[in-house]
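Student: Structure provided below as structure tokens; questions to follow.
The values are calculated or read from the model by the stated rules, or taken from the named source; none is laboratory data. Note that this is a predicted model, so its numbers are computed, not measured. Here Cβ is always computed from backbone atoms with ideal geometry, including for glycine, and neighbour counts include all displayed protein chains.
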Amino acid sequence: MAGRVGVARSIWVVNFDRYNPPPKDMSGKEREGAPLKWVRLQADWMDDEAVFTLPDEARWIWPALLALAGKGTPRGRVGMGCAELAVRLRTTEANVTTALGHLWKQGRIRYTAKKVAE
């Protein structure tokens, strides 16, 4: 199977740095790429239409995505597909797929893909 080309898909939280700016005491490259130790979550996040219209079993995936995006390199990126994300979040792939589809329709996430050799 050498020489096959696959697609690596990344999930990006839209406007992540606007809501979770890096600490001001960082400078240069450290400020651009350092993983965050915490992320901001609005106090009324559970009343947000993008979240409260999710099924109960998928609703908690949004704050988990924010946390993973804070650790991403670059910040805001979750470099996992649905299957990997389901394992990481200890839920089913169906829950992840439902949540991601919903959050994408609401404009909260976007996808990028690049070709990689397998």
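Student: Does the range 99-116 contain any residue that is out of contact with any His (no Cβ under 9 Å at 6 or more places or on another chain), more than 16 Å from VAL14 (Cβ to Cβ) and hydroxyl-bearing (Ser, Thr, Tyr)?
Tutor: no
Student: Would you point out the residue of the range 32-88, among those that are touching an Asp or Glu at 6+ places or on another chain (Cβ under 9 Å) and within 18 Å of PHE16 (Cα to Cα), that is surrounded by the most Cβ atoms within 10 Å (Cβ to Cβ)?
Tutor: Only one residue fits best here, namely TRP62.
Student: Please enumerate the residues belonging to the range 60-118 that are among the charged types (D, E, K, R) and either on the phi > 0 side of the Ramachandran plot or in a helix (DSSP H, G or I) (or both).
Tutor: LYS71, GLU84, ARG88, ARG90, GLU93, LYS105
Student: Got at least one residue in the range 48-59 being assigned to a loop (DSSP other than H, G, I, E, B) and at pLDDT below 70?
Tutor: no
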